[in-house]
Amino acid sequence: MWWDERVSARFRRNLQPTLTYWSVFFSFGLCIAFLGPTLLDLRCQTQSSLSQITWVFFSQQFCLLLGSCLGGVFKRTLAQSLFALFASSLAISVVFAIIPLCHNVVVLAVVMAVAGLAMGCIDTISNMQLVKIYQKDSAIFLQALHFFVGFGALLSPLIADPFLSDTNCILSNSTANASSNLPHIRKSLVPHHPGNLSHYDLPMKGMVVTRVSYAFWIMALINLPVPIAVFFLLYKERMVPCFSSSSHPLLSADELAMETRPPEKDDLSTSTQRPPAAGGHDDLFSCCQSKNFRGASYTYFAVHITGALVLFMTDGIVGEYSGFIYSYAVEEPLSVVHKVAGYLPSLFWGFITLGRLISIPVSYRMKPATMVFINVVGVLITFLLLLIFSYSVVFLFLGTASLGLFLSSTFPSMLAYTEDILQYRGCATTVLVTGAGIGEMLLQLLVGSIIHDQGSYSFLVCGMIFGGLAFTFYAFLLFFHRMYPKPSADLDDASPDKPAVTDDTGQYQR
């Protein structure tokens, strides 16, 4: 195997929870990418205008950010985390099942807001729990976790595609004129940004003809095993009230060996392996309490801030590039055929998924800091080349694939690196997840307004600037890492700078 026996043994001891968190992130990916291609059929279902239906994008994205901020609230205990994941993954299946019943755009926006909250909780809690279990070995497992996001994001549009309407799905007198515009409009409705569609006139009244309901029901069934897997983990941990008992689960072989150690060694191991009472990974609001700042050095805050800013830029690039690459390609000077340009967002997400798969074995051999450096430098060089060869359609496709590869592992590598700097005592996971979500939402709005005012060429210029800022913030993070105080026994127990003792046994802590 390409990892050593120690990591392999830790993975075997935590096999069920690890697979469960990976499967929950599959739900996240399944839910994040279906909205773009199905939005026109949902417009027909709700008989709303294009400007009205695009608010559904905002409701999902805003509540995803809110759920990411609040996700840490449910991380107080393992039971709370698992119940939150169970409720969130079940909510996603319920959302898929009831979307076909939403015949009002406001109701649909509320339903997608619930889905956004569930996705935000999944994002924060799954990252936190994997970091807690594996700590210094978490990089490889975080890479696998984010691979499942990409896998789900690729699968949901494929499920929806056979059920999408080929012509306008509201039959009226103007259907013939509107149908010719439908393929172009559908390609403009990517998961992250609806584009400027005000000049398209589609009928709002008439007979609704759409089969997209079947796609949502299929996705609801595909997602159903995920909450079941979380329930089984709850059952195994004796956390289901109606199935819990006073007797403890049987000890595993490793736990039994620990129990039968000589008393003096057992006392020592207990003192070193007991998790600290005041651990990190709180929710965003708890992280901002003044009691957490007592005794913290300025580098403690600097690491959090610079790490979040790197992901603010890189995740913002993911959102704005996937949202506007189609619009950029069909405009001058490239003027790519609409059908060909429609493959660019899929190519981008496909190489993000491929990159995350490749990063799983690579992350074991390479330090997270090195991977993040390669990522940000690769993004910067790719945008530079895209600017130089801005008249080449071939290089646009090559650059899109390259950008997807370099951006693919940035988030999990950055999370592992920052948590390692802080010795798993800060609020890095919550702050980084929140920073990434804010960047993905705000940079899309910023780039959209700039393109509207300055033209399509500004799309690549913005990407180059964001890439340069990401590299700059990463350089500051490296500087603050060197300045960050090393682990010392003299630090006060309540200080955020005091390192947490790693549980070398890798046991799944309650």
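The values are calculated or read from the model by the stated rules, or taken from the named source; none is laboratory data. Here the structure is a predicted model, which means the values were calculated and not measured. Using ideal geometry, Cβ is built from the backbone for each residue, glycine included, and neighbour counts are taken over all protein chains shown. Just the protein is used for accessible areas: all its heavy atoms, side chains included, with ligands, DNA and RNA removed. Shrake-Rupley method; radii C 1.70, N 1.55, O 1.52, S 1.80 Å.
The helices (runs of 4 or more DSSP H) found wholly in region 97-195 and carrying at least 2 residues that are crowded, with 23+ Cβ neighbours inside 10 Å and modelled with pLDDT of 85 or more occupy 105-134, 138-160.
Return yes or no: is I465 at pLDDT 90 or above and aliphatic (A, V, I, L, M)? In short, yes. Of the helices (runs of 4 or more DSSP H) lying entirely inside region 1-48, the ones with 1 or more residues being touching a Pro at 6+ places or on another chain (Cβ under 7 Å) are found at 15-32, 35-46.
In region 401-413 there is no residue matching the filter, namely being surrounded by fewer than 23 Cβ atoms within 10 Å (Cβ to Cβ), at pLDDT below 90 and touching a Ser or Thr at 6+ places or on another chain (Cβ under 9 Å). I need a count of the residues in region 302-348 that are of a type in the set (D, E, K, R) and at pLDDT 90 or above. The qualifying residues number 1.
Which of the residues that make up region 453-469 are assigned to a helix (DSSP H, G or I) and under 23 Å from F406 (Cα atoms)?
Of everything in region 453-469, those that are assigned to a helix (DSSP H, G or I) and under 23 Å from F406 (Cα atoms) turn out to be S458, F459, L460, V461, C462, G463, M464, I465, F466, G467, G468, L469.
Considering only region 64-75, I want to know if a residue exists there that is within 23 Å of V226 (Cα to Cα), surrounded by fewer than 21 Cβ atoms within 10 Å (Cβ to Cβ) and of a type in the set (K, R). Checked region 64-75: no residue is within 23 Å of V226 (Cα to Cα), surrounded by fewer than 21 Cβ atoms within 10 Å (Cβ to Cβ) and of a type in the set (K, R). Does any residue of region 347-356 turn out to be among the polar types (S, T, N, Q) and at positive phi? The answer is no, given that none of the residues of region 347-356 is among the polar types (S, T, N, Q) and at positive phi. Before we move on, is V230 in a helix (DSSP H, G or I) and either modelled with pLDDT under 55 or in the same structural domain as M112 (by the TED database) (or both)? Yes; evaluated as a whole, the condition is true for this residue. Of the residues in region 330-346, at least one is in contact with a Leu (Cβ under 7 Å, 6 or more places away or on another chain) and open to solvent by less than 30 Å² (accessible area, probe 1.4 Å). Annotation note: of S89, S81, the sole residue that is crowded, with 21+ Cβ neighbours inside 10 Å, part of a helix (DSSP H, G or I), out of contact with any Lys or Arg (no Cβ under 8 Å at 6 or more places or on another chain) and not β-branched (V, I, T) is S89.
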